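For reference, the structure is listed below as structure tokens.
The values are calculated or read from the model by the stated rules, or taken from the named source; none is laboratory data. What you see is a predicted model, and the numbers here were worked out from it, not measured in a lab. Don't worry about glycine lacking a Cβ; one is built from the backbone with ideal geometry, like all the others, and counts go over all protein chains shown.
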Amino acid sequence: MTTSRDRILSALRERIVCYAASRLGKDTAEDLAQEALLVLEQKYSHLSSLDDLMPLCFQILNFKMRDFRRKTTRRGEWDPAQVADLPLSDGKPNALDLMERASLLERLKAAVAASTGRCRDLIRLKLEGKSFAQIQAELGAATINTVYTWDFRCRQDLMIRLRGKEYRA
């Protein structure tokens, strides 16, 4: 023997499954409709009129659909790439990467060779793996902040030299 609330929920279920299926697909729609009806049954069992249940049910369903989309997007399941379509890499750099790296290395060597005085010493000490405190002691700087400032200025000068423009601070 079915009550009027059971008939209303049955009719609502058909509507919300169609609504969710039009947006997410049939399999997902069935699950989300079940979850929405479960919330209605657990938290809103005191409501029994169609006028009360219909807007509430669709609001719950919309929340469930947004949550589903958010989770699948976060997990990368919403728009997965086909593995067969992805190019496989052997992990080795290609010829273009090797050529660009060699070119950058030559430009970097030339820029470091063009550096003078304190910048050259600072770059040498950093390449030796010395800390800023050790560099401060070796170069005789008053504070470590002075070494940070020298480092910043030397890196700026090096970047300008790498771009091919001569610059003097």
Output yes when any residue across segment 48-57 is over 34 Å from the mean Cα position of the chain (by Cα) and outside any helix (DSSP H, G or I), and no when none is.
yes
Checking residue 66 against (1) within 23 Å of the chain's Cα centre (by Cα); (2) modelled with pLDDT under 85: exactly one of these is not met. Which one?
(2)
Residues located in segment 85-105, provided they are loosely packed, with under 10 Cβ neighbours inside 10 Å and either among the β-branched types (Val, Ile, Thr) or assigned to a helix (DSSP H, G or I) (or both):
85, 95, 96
Positions within segment 58-84 being aromatic (Phe, Trp, Tyr) and part of a helix (DSSP H, G or I), in sequence order
58, 63, 68
Between 56, 127, 122, which is in contact with a Phe, Trp or Tyr (Cβ under 7 Å, 6 or more places away or on another chain) and in the same structural domain as residue 157 (by TED's automatic domain parsing)?
122
